[in-house]
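**Student:** Let me give you the structure first, and then I'll get to my questions.
The values are calculated or read from the model by the stated rules, or taken from the named source; none is laboratory data. What you see is a predicted model; the values in this text were computed from it and never measured. For the accessible areas, the whole protein counts, side chains as well, though only heavy atoms, and no ligand, DNA or RNA atoms are used. Shrake-Rupley method; radii C 1.70, N 1.55, O 1.52, S 1.80 Å.
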Amino acid sequence: MFLRILLPFALIALQGCAFAPGSHISTGGWNADYQSPKEEDLTSLVNVSRIGPDTLRHAIVAEVPAPRAELIREDSEYEYRIGIGDVLQVTVWDHPELTIPAGSNRSSQESGNVVNENGTIYYPYIGYVDVAGLTTLEIREEIANRLSTYIESPQVDVSVAGFRSQRVYVSGAVEKPGVYPLTNVPTRIVDAISQAGGLDMSEGADWRNVTLTRNGEDFRLSLKAVYEQGNKLHNVLLQSGDVINVPLGDDQKVFVLGEVGTTKTLPMGRNGLTLAEAISNVGGLDQRQSDATGVFVVRRSGNASPDSEYLIDMYQLNLKDATALVLADSFNLQNRDMVYVTAAPLARWNRVVSLLVPSFSALFLGDRALNLGN
């Protein structure tokens with residue numbers, strides 16, 4: 001009796017598995033002839049690769065890419081050129097009447113010649129001199145040539161008493177965000193961060209993803225590469241108008257999903273996160289439900305563009321192999337990566353059974369009560 005009752009319901013339940021909740025919507029009130037558009041096949045846009053030694057080598061290179069060639073300059077290429085607002089100190093030797101002295105109550109900036117809005121300074125005998133865009137050496141030669149009409153072989157010295165025209169901006173997780181002047185001494189990104197009081201570790205400064213904005217374009221630089229690896233290429237020489245932003249580590253996240261202890265969003269922190277750390281931080285794999293061969297890292301392709309062949313990079317790791325633990329600890333995750341652990345085939349079958357057992361139990365108890373009544 002029980003089997004006769006059970007069999008039809010079992011067949012109905014198994015058929016019902018083909019229609020997961022939400023997979024079917026009633027068309028009542030809609031045109032019955034309406035056909036939903038076919039789902040686009042995205043498999044051709046996904047580049048799948050296994051995590052191995054070669055993958056790690058490429059991942060390490062991609063993690064800290066070399067700065068663009070246009071950012072790489074030597075100190076010898078740097079020249080400070082005078083701009084509007086700078087203060088010049090002009091000295092003519094043996095002619096104190098042409099040199100405005102700095103008294104006890106006046107600094108050299110206060111006694112110097114300020115570059116006017118039109119890029120000139122005024123100097124006795126020779127009048128206005130165009131100085132904007134010139135170096136101190138060029139200005140010295142110009143003033144000496146023009147003074148030679150009035151003074152025999154004038155000995156002229158020109159220095160900058162106040163650097164006001166060129167500046168860089170430091171923002172984000174530093175001790176003293178603000179505006180800092182550029183001087184005649186070459187200033188690199190580490191120098192600017194130092195002027196700003198250094199990284200603010202209490203705010204969780206992400207020193208791996210420092211952004212340099214120049215002429216409206218953003219460049220990613222790594223202070224970690226500079227300090228820990230001695231990579232001088234990331235210690236970029238700055239120019240006027242540069243904006244340096246040190247982001248918070250909490251702004252960088254990865255997502256761990258699937259058959260793990262607890263699905264969770266993890267902050268990467270200032271030192272980043274490896275695949276092994278991410279899995280460990282969520283309680284590891286679910287031993288009863290997970291498939292250790294199906295650990296995936298899904299990431300938007302780094303060279304995604306309208307002409308790119310792939311939009312998504314997918315990396316697979318087989319954690320059943322003990323050596324894979326070393327690979328997992330060496331695989332550095334990137335911002336917005338998704339770690340997904342698939343379910344084991346047996347776990348999927350168990351879930352189907354768990355849907356059927358309550359119905360079977362109810363039918364069995366009902367059939368038993370019916371038999372006892374008879």
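**Student:** Considering only protein heavy atoms, what per residue accessible area in square angstrom results for segment 159-302 with a 1.4 angstrom probe? Please report the intermediate quantities before stating the final value.
**Tutor:** Numbers: 6390 Å² over 144 residues.
Computed with neighbouring chains in place, this is 44 Å² per residue.
**Student:** Cα to Cα, under 25 Å, and not fewer than 8 places away if on the same chain: which lysines meet these conditions relative to LYS320?
**Tutor:** Hits, sequence-local ones excluded: LYS264.
**Student:** Give me, ordered by chain and number, the residues 5 or more places off ARG188 or on other chains with an amide H under 5 Å from its own placed amide H.
**Tutor:** For ARG188, whose amide H was placed from the backbone, the distant partners under 5 Å are LEU238.
**Student:** Jot down the per residue volume, in cubic angstrom and as a whole number, of the convex hull over the alpha-carbon atoms of segment 197-346. Walk me through the numbers before you get to the answer.
**Tutor:** On the way: hull volume 21.9 nm³, N = 150.
Each residue corresponds to 146 Å³ of Cα convex hull volume.
**Student:** For ASP286, which sequence-distant residues (separation of 5 or more, or a different chain) have an amide H within less than 5 Å of its own amide H, given hydrogens modelled in the peptide plane?
**Tutor:** VAL260, GLY261
**Student:** Same structure, new question: What residues qualify as long-range amide H neighbours of ARG73, i.e. H under 5 Å apart, gap of 5 or more or another chain, H built at 1.01 Å from N?
**Tutor:** Answer set, sorted by chain and number: LEU237.
**Student:** Expressed as a whole percentage, what fraction of the accessible surface of segment 126-269 belongs to carbon and sulfur atoms when a 1.4 Å probe is rolled over the protein heavy atoms? It would help to have the intermediate numbers written out before the result.
**Tutor:** Details: 3080 of 6760 Å².
Carbon and sulfur atoms account for 45 percent of the accessible area of segment 126-269.
**Student:** Still on this model: Go through segment 82-93 residue by residue and turn each phi into a ³J(HN,Hα) via Karplus (6.51, -1.76, 1.60, θ = phi - 60°); whole Hz please, and just put x for glycine and proline.
**Tutor:** 5, x, 4, x, 5, 10, 9, 10, 10, 10, 10, 5
**Student:** Next question, about the same structure. Give me the compactness ratio for segment 176-282, meaning the Cα radius of gyration over 2.2 N^0.38 Å. Display every interim value, and only then the final one.
**Tutor:** Details: Rg = 16.5 Å, N = 107, 2.2 N^0.38 = 13.0 Å.
Ratio of Cα Rg to 2.2 N^0.38 Å: 1.27.
**Student:** Checking the cross-link filter: which lysines have an alpha carbon closer than 26 Å to that of LYS232, excluding same-chain neighbours under 8 positions apart?
**Tutor:** Straight-distance partners of LYS232: LYS176, LYS224.
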